[in-house]
Amino acid sequence: MTRARQVGAGRTVWLIARRELNTRLRTKSFLIGTAVSLAVLTAFVLMQSTLFAGESEQRVGLSGQATAIAAQLQEQSNARGVAVRTSTVDDLGAGEAMVADGELDVLVSGAPAALRVLVRESLDEDVRKALNAIVQEQVLRAQLAAVEDLDPDQVLDTVADATADVHALGPPDPSHDQRLAVALVIVAMLYMALLLYGTMVAHGVVEEKSSRVVEILLATVRPWQLLLGKVVGLGLVGLAQFTLIGTVGLVLATATDVLTITGAATSTLVWGIVWYLLGYLFYATVFASAGSLVSRQEETQSVLLPITMVLVLAFVLGFGLLSRAPSGTATTVLSLLPPFSPILIPGRIAMDAVPGWQIALAAVLTLLSVAGLAWLGGRIYAGAALRTGSRLRVREALSS
């Protein structure tokens, strides 16, 4: 009997999901939205976008005697058109760790006439020239102060040979720029998909509630079945669109030689699909629960605002952290938190900046959160779906 009941419940959920799937796939909004997304992605690829290029501020840490060159470095950098932000690093070991984590771009130590420079992979050429100019100026001053009978040729040779001593923690990654572009594209795609289909779930709940259709449906199915069926159906619609757009973009970028790291990009797309599913399950349940608290479409935006703000924050943090410090402490911690994992983890995978255990831990934490939210969301939906009128509070829905 229990087995038959489970099969019956699963079939009910699938019937509701199939209804949503068939309805949404045939709508003009889905077709137009997919076409527009593909057009935008095509334009992005064909123009070999410079969206992620441009000036970026170089974060330079100064340690020990090198702190004396702060003003000179700013002056030399400004003259070369590069933005530099300096900070004092008291502990050299801590500074090296900051470079390794991506929190600093450059660490400068040593005497001004013999600067030692540490970078993660490579040093910005304008910053290199600025540092070399400072070293050469210091050497020239020393030569002028130490020698009475100057040999001009010898002085010039000595000054020309004086450069900053640059060390890198690792070899430069020639695919870094492409990896960053792929990471930011997958972050943008996930943000748009989660926001669009999460909001669609909420609006669908409100529409059924305001039109009284939900009363008819709940006469034959349980609240959790209706909620789960709606979430699964719209999730499959989003999955189809996400996969189509991602695949077309990948094929086009590879065919036009805009993208040469096809293997890494394909892996990122696959992981993006996995994390779309995890993120959708996480957010859609919350969106649906929030939508059940109101009875009019006009009230939907206000009840969804806190949820959309979390997604916007994840998107903004994704762009900033992946561009500057994909392996940094802040990026690592935030990427393990379920509200941010679906955005940050695929981006870090694209950057090859996340170990396997962190991916697994983030997935487990997200699944546990989904289970908890599904239980809580089911109770809220069951208590609020049949109640119309003014906006309900969560406590009121749970007590129904």
(message) Can you compute the FRET efficiency between residue 395 and residue 90 using 1/(1 + (r/R0)^6), with r the Cβ-Cβ distance and R0 = 41 Å? Round to the nearest 0.05.
(response) 0.25
(request) Give me the accessible area of residue 163, 1.4 Å probe, in Å² rounded to the nearest 10. (result) 70
(message) If each residue of separation counts as 0.36 nm, what is the full-extension length gain between residue 100 and residue 243 once their alpha-carbon separation is subtracted?
(response) 48.0 nm
(message) Using 0.36 nm times the number of residues separating residue 196 and residue 177, minus their current alpha carbon distance, what extension gain do you get?
(response) 4.0 nm
(request) May I ask you to compute the full-extension gain from residue 71 to residue 365, defined as 0.36 nm times their residue separation minus their alpha-carbon distance, rounded to one decimal in nm? (result) 101.2 nm
(message) Tell me the accessible surface of residue 192 in square angstrom (1.4 angstrom probe, heavy atoms of protein chains only), to the nearest ten.
(response) 110
(message) With every protein chain left in place and a probe of 1.4 Å, what is the accessible surface of residue 189, to the nearest 10 Å²?
(response) 40
(message) Restricting to DSSP loop positions (anything but H, G, I, E, B) with no more than 16 other Cβ atoms inside 10 Å of their own Cβ, which trypsin sites (Lys or Arg not before Pro) remain in the range 56-102?
(response) 80
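The values are calculated or read from the model by the stated rules, or taken from the named source; none is laboratory data. These figures come from a predicted structure and were not determined experimentally. Cβ atoms come from the backbone with ideal geometry, glycine included; neighbour counts cover every protein chain shown. The accessibility values were calculated without ligands, DNA or RNA, using every heavy atom of the protein model including side chains. Shrake-Rupley method; radii C 1.70, N 1.55, O 1.52, S 1.80 Å.
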